[in-house]
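J.: Take this structure first; my questions come after.
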Amino acid sequence: MRWLVGWSSIAASFGTVGAVGHHGEGRTVHPVGSQLLWGDPDPLWAVGDWRPDEIRVVTVATPEGAPTTRLAVLGCCGATDAQLRVGLLAARGGALRHLTAWPGSYTAVVQIGRRITVAGDLAGARPVFHAPWANGTAYATAALPLADLIEAQLDIGHLAALLACPETPEALGDGTPYAGVKRIPPGHALILREGSREITGYEAVASLAVAAPQADPVSAVEGVRDALVEAVRARLTAPRHAPETLPPDPGPVPGMGPAERRAARGAPVPGIGADLSGGSASATLALLASGLPGLPGTVLGHGTGAGERLLAVTFNDLSAPGREDEMERARVIAANPRLHHVVVAAGEEALPYASLESGPLTDEPAPSLVVAERHRRRLSAGSADHFVGHGARQVLDAHPARLADLLMDRRRRHLLRPVAALARAEGPSTHSLFVPLAVYRAARRLARTSYRTGLETAASLLPDANRDAPDLDTPADASLASLAWSRPGPAARWLTGEALAEVSVRLQEAALRPAFVQRPGEARARAALARHAADQRILEQAAEIRSQRLHAPYLDNQVVRAARALPESLRVQPGARAAILRRVLAGAGIHDLPPGWGTPSQATSTAAGRIGLRTALPELIALFDAPLLADAGLVEARVVRKALRAASEGEPLPLDGLAELASTELWLRRLVTRRGTCWTGTAAPRQRAVAGGVVPARRTLQP
């Protein structure tokens, strides 16, 4: 786990309280395992196993007596030093957007005198947190270190909102699971001036009164292509790193080759690799990375390096049938001579919910905790720098609520193809005949519902979510449920009435607050992307392989911006993501794709989840024998155990909701049993987060 942390104080003598003294005295408070980037009066540290090229500090020469002007960029950034200096000068003048315009995934921190600016990303994969501390404000890219710093307790209300409405920013607010630790929204920057804090957005604000001019589809797709190519190029041109020294190879093992033995010892392969699942997202990255033209030092201007082949890893789940077509597409794509194909086969040991007792403590809870072992087995066969296709669906696909945006712009004819596709997905039945009319009515209702009315309606319906929860069996049902300003999450049906009532109060309060309101489809799409990016961040921590870096270019700022420029009429069409990525590859000179490329494969992951739940049922029942979630008043243990048994027997219950409950309970247990703290020094906090290892009891709501 890697993070950065710093703080800003009211007085310049703050360093004598908790940083580096002005006269050489030792640090009284500093993070464990840290690297100091700059010192008093507003210090900044990088913590964790950062690579040398992932930390870049640029300073602009200033006249004598002028305020210090410097920029720290942590992560993979494709900008040159000259571009960093230009961005620093632009940020000094207030143009913060320049700090987020370079290819790659990174966090930028600017210091201009006593003013500190920390820019978050657009997706939320690199969030920024802050908390008040010692007459100032501390900030970090992880919430747990700040919780340790201020000795925070758990915020049970936030956990309730996270389970009840995970894709509703109004319910989550700016909170975190730790009381007192706040998160800045995606697309915003944190500005600190001598301890005082300000949160400001750096993206252009669109008007609700006048529809934005629609970009040309051809130029918009070209923008996505250029952004993806630059994102991949930024990773390929970065310095290569070999894995750190590990225990020696034990020698030949029957049935295991060198790659398998290396994976068993927990070491990635040196070089660059990519997932190759047979889907459009990962295949696009693998093909771009293997044949990106114009890289220096390559043979004939192609390939990832001189004579180097890209390692393509395909995960073959032997326990969940139905992936034969996807595996065949991956095999056809891997026939490319610039790819070295490795198939990782796994059985029950890699199903969801496997090895729940092992795993690190992550920064926050997320549904990905129950599939961490599954991903770790795949990634252990990957490379030191490994591309993953996560985020493509949320970035490129259209959220169903965007149909309401089309109606607001009086573009009804663009609804014909998506509603017809939903009707075909229902199959030949009487119900499918009414799907187009039902979807149109729901989209029109959402387009005519104001933001305040939508939240108030959601707040009034939320307390009954544990009694009237619908079963979303078909794509049409899921799309109809998504055509609202807010809807309960899949785990809401198992929460207690008290927990749902408190989240309902949060929604009612948010409806009364003045806020900038986006179009419903755009707002829902951004919330879904933020939720997925947060889950991806936690997955990287839970399935972390030492010396390995996971790269998700679809979540980069420039790719997200380019995708937002796509016309809505293009995004809502069936198969839009595969068509866009096909054009991206065609623009890069790649035309030969296997039949069926881009076919969705969500059903296989659902089948694997059900098999994994059935296999791990005894462990899950034991996990909820005396759950901490019940101690906090969020669930009733017997209700969850009953749902687990019913789902394992094939009852159509939302598996995502059960995964969220299991992940949150698992995270709570790891949190309260942790040892140590993130801080050391003579003035370090005496208690860690969730001091005493006790989950605080929920307060009783007053009528």
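J.: Residues in the range 421-432: is at least one in a helix (DSSP H, G or I), closer than 25 Å to R577 by Cα and open to solvent by 40 Å² or more (accessible area, probe 1.4 Å)?
T.: yes
J.: Among the residues of the range 558-575, write down those that are open to solvent by 10 Å² or more (accessible area, probe 1.4 Å) and either touching a residue at least 40 places away in the same chain (Cβ under 8 Å) or not in a helix (DSSP H, G or I) (or both).
T.: Q558, R561, A562, A565, E568, S569, L570, R571, V572, Q573, P574, G575
J.: Now, a different point. Between A476, A511, A528, which is over 21 Å from E364 (Cβ atoms), touching an Asp or Glu at 6+ places or on another chain (Cβ under 8 Å), surrounded by fewer than 23 Cβ atoms within 10 Å (Cβ to Cβ) and of a type in the set (A, V, I, L, M, F, W, C)?
T.: Every option except A511 fails the conditions.
J.: Further question on the same structure: Show me the helices (runs of 4 or more DSSP H) found entirely inside the range 273-389 where at least 3 residues are at pLDDT 90 or above and over 27 Å from the mean Cα position of the chain (by Cα).
T.: Of the helices (runs of 4 or more DSSP H) lying wholly inside the range 273-389, those with at least 3 residues that are at pLDDT 90 or above and over 27 Å from the mean Cα position of the chain (by Cα) span 324-333.
J.: Look through the range 418-455, keep the residues that are modelled with pLDDT under 85 and charged (D, E, K, R), and return whichever of them is nearest to S569 (Cα to Cα).
T.: By that ranking, first place goes to R424.
J.: Provide a single number: the residues in the range 667-687 that are without any contact (Cβ under 8 Å) to a residue 60 or more places away in the chain and of a type in the set (D, E, K, R).
T.: So the answer is 2.
J.: List the helices (runs of 4 or more DSSP H) inside the range 580-673, counting only whole elements, that have at least 2 residues being among the β-branched types (V, I, T) and within 28 Å of the chain's Cα centre (by Cα).
T.: Result: 602-615, 655-672.
J.: Would you say I621 is surrounded by fewer than 19 Cβ atoms within 10 Å (Cβ to Cβ), at pLDDT 90 or above and either over 27 Å from F315 (Cα atoms) or not hydroxyl-bearing (S, T, Y) (or both)?
T.: The answer is yes for I621.
J.: Continuing with the same structure: Specify which of the listed residues (L190, L208) is at pLDDT 95 or above and either out of contact with any Ser or Thr (no Cβ under 6 Å at 6 or more places or on another chain) or on the phi < 0 side of the Ramachandran plot (or both).
T.: When all the criteria are applied, what remains is L190.
J.: Could I ask something else about it? What's the number of the only condition in (1) more than 15 Å from A398 (Cβ to Cβ); (2) open to solvent by 20 Å² or more (accessible area, probe 1.4 Å); (3) of a type outside the set (F, W, Y) that R549 fails to meet?
T.: Evaluating R549 over (1) more than 15 Å from A398 (Cβ to Cβ); (2) open to solvent by 20 Å² or more (accessible area, probe 1.4 Å); (3) of a type outside the set (F, W, Y) leaves (2) as the failure.
The values are calculated or read from the model by the stated rules, or taken from the named source; none is laboratory data. The shown structure was predicted, so the numbers you read here are calculated from the model rather than taken from an experiment. Neighbour counts are summed over all protein chains in view; Cβ atoms, including those assigned to glycine, are modelled from backbone coordinates with ideal geometry. In case anyone asks, the SASA skips ligands and DNA or RNA and just uses the protein heavy atoms, side chains included. Shrake-Rupley method; radii C 1.70, N 1.55, O 1.52, S 1.80 Å.
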